[in-house]
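The values are calculated or read from the model by the stated rules, or taken from the named source; none is laboratory data. All values derive from a computational prediction rather than experimental measurement. Glycine also receives a Cβ, built like all others from the backbone with ideal geometry; neighbour counts cover every protein chain displayed. Surface areas here come from the heavy atoms of the whole protein model, side chains and all, with no ligands, DNA or RNA. Shrake-Rupley method; radii C 1.70, N 1.55, O 1.52, S 1.80 Å.
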Amino acid sequence: MTIEQIFRAEYGRAVAVLVRTFGDIDIAEDAVQDAFATAAQRWPVDGHPPSPAGWIITTARNRAIDRLRREASRDERHAQAALLHAAAEPEPEGPVRDDRLRLIFTCCHPALAASAQVALTLRLLGGLTTPEIARAFLVPEPTMAQRIVRAKGKIRDARIPYRIPSEAELPERLRAVLAVVYLVFNEGYTASAGERLVRDDLCAEAIRLGRLLAELMPDESEVLGLLALMLLVESRRPTRTTAAGDLVLLTDQDRSGWDAALIAEGQELVRHCLRRNRRGPYQIQAAINAVHSDAARAADTDWRQIVTLYDQLLAIEPSPVVALNRAVAVAEVDGPDIALTTVDDLRLDGYHLFHAVRADLLRRLGRRDEAAAAYDRAIALAQNAAERAFLRRSREALA
């Protein structure tokens with residue numbers, strides 16, 4: 001693995017370990033970044049250590065200790081020594097044993113605004129940059145940067161403890177925790193920027209966290225719904241790109257290449273959730289993907305059932321993005337003209353997929369000039385190279 005790949009894979013765990021040790025987000029982040037900077041200098045010369053992750057954590061911990069000793073006054077050094085001694089003591093495990101999952105629950109403290117909880121956790125544990133998080137929330141980058149800074153300041157000023165939540169505290173933090181895992185998976189499945197469409201490391205980490213949550217809270221239907229959703233979507237990953245890395249739409253994918261084991265597991269979880277009859281947004285999205293996985297061919301897809309499920313999703317979680325996805329299904333049932341009426345009422349001008357969907361509907365209606373303009377807008381907004389290339393090919397095909 002390259003240093004960049006190790007950074008993506010191990011950054012979150014290293015930060016989680018150091019936050020647990022030192023109780024300070026900034027110290028943890030700075031120390032881990034220093035450790036990776038040192039690795040970038042040494043490893044090309046000395047070679048990779050046997051355990052890159054262990055090397056990073058040990059080096060980062062030493063850097064953090066050095067910083068605390070430098071910055072501490074004489075009176076504070078005894079307190080710092082006590083802190084480091086306590087860090088070496090075994091901590092009660094409690095209900096959450098995984099360091100990364102534990103830090104997610106810690107950052108999703110109810111004292112923080114929901115959007116700040118999710119943004120901060122994505123920054124710390126998802127390895128996502130501020131621009132990537134801003135694109136996930138469809139907000140300007142400076143706005144997202146301010147949210148993250150304010151969240152860190154709130155934790156520091158309010159002295160929010162870095163401790164394991166009790167079982168009684170877990171449910172009130174669950175919504176934000178699920179949102180974090182969901183957005184990490186989304187960023188992995190369709191990277192918001194870069195050359196590659198998919199980031200395997202983020203997909204794998206989100207599913208790993210989803211499985212841990214399912215073990216921790218097996219009676220929470222939305223936990224199982226999110227895991228089912230990720231498994232069903234992940235089952236299609238091998239067919240989403242060509243050997244050259246070009247994007248392949250769902251309708252054009254070779255369904256014999258879908259992962260049957262993941263589909264079976266995801267569908268069983270969906271059936272389990274349906275029997276409980278406590279529907280939530282992740283369960284409904286999982287059911288939509290279960291309908292797709294039921295169809296042996298794209299032509300066999302039960303689009304009417306998908307529209308019905310989107311109606312349910314809009315009723316409990318109304319958003320322009322959900323309405324956009326529903327319009328795609330409506331186009332298959334009622335035609336592109338009806339779907340376009342819905343799309344044109346949405347306020348998503350800064351979202352590249354809004355213009356991509358609109359361009360496709362206009363193309364199907366034979367309105368080529370308008371479709372070309374919509375494709376141009378989508379291309380200008382798309383940050384992922386694979387998506388841009390697909391949109392360019394679609395625009396060129398208009399001729």
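Side notes on the structure shown:
For every residue, the table says whether it meets (1) closer than 25 Å to A287 by Cα; (2) modelled with pLDDT of 85 or more.
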| residue | (1), (2) |
| --- | --- |
| V149 | no, yes |
| I164 | no, no |
| R175 | yes, yes |
| N186 | yes, yes |
| A193 | no, no |
| R199 | yes, no |
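- Some residue of region 283-294 being open to solvent by 70 Å² or more (accessible area, probe 1.4 Å), part of a helix (DSSP H, G or I) and closer than 25 Å to V333 by Cα: yes
- Condition check for R156: modelled with pLDDT under 85 and part of a helix (DSSP H, G or I): yes
- For region 226-244, taking the residues that are of a type in the set (G, A, S) and within 21 Å of the chain's Cα centre (by Cα), the one that is nearest to G280 (Cα to Cα) is identified as A228.
- Filter pass, Q305 being open to solvent by 80 Å² or more (accessible area, probe 1.4 Å) and part of a helix (DSSP H, G or I): yes
- Residue that is farthest from I104 (Cα to Cα) [pool: residues in region 179-190 that are free of Cβ contacts under 8 Å to residues at least 60 places away in the same chain and not hydrophobic (A, V, I, L, M, F, W, C)]: Y189
- Flag if R13 is open to solvent by 30 Å² or more (accessible area, probe 1.4 Å) and either within 24 Å of the chain's Cα centre (by Cα) or within 25 Å of L128 (Cβ to Cβ) (or both): yes
- Options A193, A168, A158, A176: the member that is touching a residue at least 24 places away in the same chain (Cβ under 8 Å), surrounded by fewer than 19 Cβ atoms within 10 Å (Cβ to Cβ), small (G, A, S) and more than 27 Å from A386 (Cα to Cα): A158
- Failed criterion for S221 (all others in (1) within 30 Å of A295 (Cβ to Cβ); (2) of a type in the set (G, A, S); (3) open to solvent by less than 20 Å² (accessible area, probe 1.4 Å); (4) under 19 Å from the mean Cα position of the chain (by Cα) hold): (4)
- Considering region 373-384, and only residues there that are in contact (Cβ under 8 Å) with a residue 24 or more places away in the chain and open to solvent by less than 20 Å² (accessible area, probe 1.4 Å), the residue that is farthest from A331 (Cα to Cα) turns out to be N384.
- Being charged (D, E, K, R) and open to solvent by less than 70 Å² (accessible area, probe 1.4 Å) holds for only one residue in E396, E387, E332, E370, and it is E387.
- Top-ranked residue of region 269-282 - restricted to ones that are part of a helix (DSSP H, G or I) and without any contact (Cβ under 8 Å) to a residue 24 or more places away in the chain, ranked as farthest from M230 (Cα to Cα): R275
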